[in-house]
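Notes follow once the structure below has been shown.
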Amino acid sequence: ELEHAAGDIRFDGVEFRYGDGPVILPKMDLHIPAGQTVALVGATGAGKSTLAKLIARFYDPSDGSVLLDGVDLRDLTQRDLRRAVVMVTQEAFLFSGSVADNIALGKPEASREEIIASAKAVGAHGFIEALPEGYDTDVNKRGGRVSAGQRQLISFARAFLADPAVLILDEATSSLDIPSERLVQRGLKTLLGNRTALIIAHRLSTVEIADRVLVMHDGEVVEDGTPAEL
Ligand code: ATP
Ligand code: MG
């Protein structure tokens, strides 16, 4: 039973292949200390999303272990794992329903006050209030349509409310206009807080705020250093 995860991540001899396909990650050893912000970069097909998904336990390693605070992910309950690790994907998945319900996805018991506080924290409150029915606006209804940047901010508010020790973010590739970009970047900084974060980074501004940058090539980490070093 994991009461409150610190967020220390360790890959111990992790090998991974999809089904009986070719080896995608060969024998990876990696340590991400609690609280570190790691930017993961590399060419398409390098294995960035695969590595990220192993931390969120979308898959289990073919060999070796992924550990959270020294505990093999396979030994954690679904509940503990979902509470400790949250993954924010590129598409910033929104389901048909109100903005409030979308933010509360990971914490259905959240009060309206908590939902608003999370939106405020990441800078989403302003545009949400301006929607036709505010927090009750159906995101898929006419007039409730939200832009790519706004979707990102809603997903940040959702992650902020869930308050995981470990945040995995596959950064959206879609280009945003400058003001939205700035809002999203500011929201991201607040969201990061003291958590452990692994960000598949597509923006230079994100790489720059990271404590550490990992460059992947063909399933291996080929460079590991600070943004200034790389
Ligand atoms: P991108 O920058 O395009 O998102 P990536 O670095 O995230 O690339 P991955 O998606 O991790 O790369 O893919 C790594 C390798 O694993 C690629 O060769 C890819 O074809 C393969 N792969 C990814 N997902 C699957 C899957 N579900 N089944 C089989 N092979 C997969
Ligand atoms: Mg990917």
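Exactly one of (1) in a loop (DSSP other than H, G, I, E, B); (2) touching a strand residue (DSSP E or B) at 6+ places or on another chain (Cβ under 8 Å) is unmet by Tyr135. Its number?
The failed condition is (1).
Is there any pair with a first residue in segment 41-65 that is of a type in the set (Phe, Trp, Tyr) and a second that is within 9 Å of ligand 1 (Cβ to nearest atom) and open to solvent by 60 Å² or more (accessible area, probe 1.4 Å) whose Cβ atoms are under 9 Å apart and which are 6 or more apart or on different chains, and what are they?
Correct list of pairs: Tyr59/Tyr18.
Given the condition in contact with a helix residue (DSSP H, G or I) (Cβ under 9 Å, 6 or more places away or on another chain) and without any contact (Cβ under 8 Å) to a residue 40 or more places away in the chain, answer yes or no: does some residue in segment 198-209 qualify?
Among the residues of segment 198-209, at least one is in contact with a helix residue (DSSP H, G or I) (Cβ under 9 Å, 6 or more places away or on another chain) and without any contact (Cβ under 8 Å) to a residue 40 or more places away in the chain, which makes the answer yes.
Being surrounded by fewer than 21 Cβ atoms within 10 Å (Cβ to Cβ), within 16 Å of ligand 2 (Cβ to nearest atom) and over 16 Å from the mean Cα position of the chain (by Cα) is the filter here, so list the residues in segment 184-218 that pass it.
Correct list: Val215, His217, Asp218.
Determine, yes or no, whether Asp136 is open to solvent by 50 Å² or more (accessible area, probe 1.4 Å) and under 23 Å from Pro164 (Cβ atoms).
No.
Being within 20 Å of the chain's Cα centre (by Cα) and open to solvent by 20 Å² or more (accessible area, probe 1.4 Å) is the filter; apply it to segment 1-17 and report the residue that is nearest to ligand 2 (Cβ to nearest atom).
My answer is Arg10.
Name the single residue that is nearest to Arg158 (Cα to Cα) among those in segment 89-131 being within 16 Å of ligand 1 (Cβ to nearest atom) and surrounded by fewer than 18 Cβ atoms within 10 Å (Cβ to Cβ).
Checking each candidate, the answer is Thr89.
Restricting the search to segment 18-67, which residues are within 13 Å of ligand 2 (Cβ to nearest atom), crowded, with 19+ Cβ neighbours inside 10 Å, not hydrophobic (A, V, I, L, M, F, W, C) and not in a helix (DSSP H, G or I)?
Within segment 18-67, Gly42, Gly47 qualify.
More than 16 Å from ligand 1 (Cβ to nearest atom) and under 17 Å from the mean Cα position of the chain (by Cα), is that true of Phe160?
In short, yes.
Report, by residue number, each residue of segment 68-78 that is surrounded by fewer than 20 Cβ atoms within 10 Å (Cβ to Cβ) and assigned to a loop (DSSP other than H, G, I, E, B).
Kept after step one, since they are surrounded by fewer than 20 Cβ atoms within 10 Å (Cβ to Cβ), are these residues of segment 68-78: 69-72, 74-75, 77-78.
Asp69, Gly70, Thr77, listed by residue number.
Could you grab me the full set of residues in segment 94-120 that are modelled with pLDDT under 95 and closer than 20 Å to Arg195 by Cβ?
Passing the criteria: Leu105, Gly106, Lys107.
The values are calculated or read from the model by the stated rules, or taken from the named source; none is laboratory data. Since the structure is predicted, the reported quantities are computational estimates derived from the model, not experimental observations. Heads up, the Cβs are rebuilt from the backbone with ideal geometry, glycines too, and the neighbour counts pull from every protein chain shown. In case anyone asks, the SASA skips ligands and DNA or RNA and just uses the protein heavy atoms, side chains included. Shrake-Rupley method; radii C 1.70, N 1.55, O 1.52, S 1.80 Å.
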